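Okay, structure first, notes after.
The values are calculated or read from the model by the stated rules, or taken from the named source; none is laboratory data. As the structure is a computational prediction, the values presented were derived from the model and not from experiment. We place every Cβ from the backbone using ideal geometry, glycine too, and count neighbours over all the protein chains shown. Ligands, DNA and RNA are stripped out before the accessible areas are found, and what is left, the full protein with its side chains, is counted by its heavy atoms. Shrake-Rupley method; radii C 1.70, N 1.55, O 1.52, S 1.80 Å.
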Amino acid sequence: MSTDTAPAATTAVRDEAAQRLAEQPKLKPSPPESVPAQPLVAWRIPLAVLIGGMFMSVLDVSIVNVAIATIQADFGGSTADVAWITTAYSLVLGVVVPASAWLGDRFGLDRVYMIALAGFALGSALCGLAWSLNSLIAFRVIQAIPGGLLPAVTLTMVYRIVPRHKIGTAMGMYGLGIVFAPAIGPTLGGYLVEYMSWRLVFYINVPVGILGLIAALVALPKFARAPNRPFDVWGFVTVASGLVALLLAFSEGQSWGWTSYRVLILIVGGLLLLALFVTIQLEVDHPLLNLRVFHSVAYSTSLIVMSVVMTGMFATLFYIPLFLQAGQGYPALNTGLLILPQALVMAFLMPISGRLYDRIGPRWLVVSGLLVAAFGSYLLAGINPDMTREEVVLWTCIRAAGVGMAMMSIMTGGLASLSPDLTNSGSAINTVVQRVSAALGLAALTAMATAQQAQLAQGRAELLEGTNSQAAHLHILQLFGLYRRTQVSVLANSYANLFLLTAAVTAIAAVGALFLRSGPAQHTGSEPASMAVE
């Protein structure tokens, strides 16, 4: 290059750079204050898609219970054998959920969600095609693998796509899948079983899954994969084995005997394996679940309170329908219809509580909601053979109102306290705690109810011994009526004691909720930091 052309080239470059700098402000679309307007449109449709997938997976947990008796009539088998339809599903969830965080990071949350949705629909179709009890149990295992991934993955995706200052509103809508689905399950299942076929309980998931998969392909954003990290094999083995051991012990404790060697070995072994899992997670470079989530007091508190709420909710959904059918002779569909109003109450209140969360934070919503739920449980302790339908609806609706106010604020307040890089682990642990606490809490309450029924029945029998001279003159039908009345009264008394215990524990949990944050969350008005397009 000559000396004459060099200055000319330098001048041209300078002129071009100056022109670019002059034009740069014109390329800015709007002032910073207008940036948050975009996320308000971007996250609502993907959230609706995620709610559909979540609703389907959670609905299956409660809707199948209504069909158990009919399945047993078709396939035969003992009550213990048929119970494996639900037990096998729960055990597989304990294996799959801890791996959801690693799978989401490794393959992308959107891919894992869509594969799980398609797998759940396929597993449901196989369950509907089952030709024997053993085949149905095997297909339930297949169905449970994607069914365990869906709740954890969808919860993480909600926190990735929704701006932090709108997370309460989003979780209020998302929570419909967590509390509304289990409540509406008995009604829908009762109708399908009574008027159609128990196979439709499974087939109904197939079209819903297909439509959800199409919607996911169209509406869900793409999530960037995290840097590849090795799979923590020993962490997975220990946590999966520990959860399966505990779930199996509490599921079969009633039939095997709570003091039997099998149950005791499973409980002790499960606790030791979970302790070993914690040790491994603290030592390895790439843990399966990041236990740093427990450094957050708000998150740890939310897990404890969540355990109480889930146990109380599933106790209501289990014991009230059971008493209505076994104690008062209601058919399955009518029982489901009596439980339906509480689901509608929760569906109405959860979006409202979500909006209030964004304004006032979780603390006072959770405290007030738990106190209302405790009062509802206290009213349910009035369960008796002569209670009316109006009383059942009123008592369950009051308790549901408290759950609707508190549930999603508990979960949202805990997860919102975590940094975005811990959301995956936090969601997985949250899902594990929900499922395990519901299963273990319900098993423990059932064991208490069974022991109380035996004690109360013995006391009533001793009381009747003093009336043998009068009973001898009763007609056989009158004797049967007396026995039946005594049996139902014992059942009601044992359930009343359980609801009193639930009311007390829920009220204590309201005190623990004071550790949650008060006031709206601090935010910068920007996009969620963890959301990224590949």
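With the whole protein complex present, C127 retains an accessible surface near 0 Å², based on a 1.4 Å probe. Mean sequence separation of contacting Cα pairs (under 8 Å, at least six apart), scaled by the length of region 72-165, corresponds to a relative contact order of 38 percent.
For the listed peptides 353-366, 191-204, 273-286, a ranking on the average number of other beta carbons within 10 Å per residue, highest first, reads 353-366, 191-204, 273-286. With a cut-off of 15 Å, note down the residues of region 99-143 whose backbone N falls inside the zone around a label point 7 Å from the Cα of D74 toward its beta carbon. Label zone hits: 124-140.
Taking a probe of 1.4 Å, how large is the accessible area per residue of region 67-136, in Å²?
On a per-residue basis, region 67-136 sits at 35 Å².
With a Förster radius of 60 Å applied to the beta-carbon distance between R225 and L344, the computed FRET efficiency rounds to 0.90. Multiplying each eigenvalue of the alpha-carbon gyration tensor of region 64-123 by 5 and taking the square root yields semi-axes of 32, 13, 7 Å, largest first, rounded to whole angstroms. Averaging 1/r over every pair of different alpha carbons in region 323-462 and inverting the result gives a Kirkwood radius of 17.5 Å.
Taking a Cβ cut-off of under 13 Å around V193, the surrounding Lys, Arg, Asp and Glu residues balance to a net charge of -1, with basic ones at +1 and acidic ones at -1. Placing dummy labels 7 Å off each Cα toward the beta-carbon, the span from Q487 to A138 is 3.8 nm.
So for each of 429-441, 144-156, 63-75 I average, over its residues, the number of other beta carbons within 10 Å; can you give me the resulting order with the highest mean first?
144-156, 429-441, 63-75
If you take all other residues with their beta carbon under 15 Å from the beta carbon of V284, and give Lys and Arg +1 and Asp and Glu -1, the sum is -1. Extension gain for V297-I210 works out to 27.3 nm (0.36 nm per residue, less the C-alpha to C-alpha distance). Candidates L344, W364, S377 compared by Cα position along the dipole of region 305-438: farthest toward the positive end lies W364, with charges placed on Cβ. In terms of overall dimensions, region 386-437 has a Cα radius of gyration and Dmax of 16.4, 54 angstrom.
When the P(r) of region 344-420 is calculated, the portion above 19 Å amounts to 40% of the C-alpha pairs.
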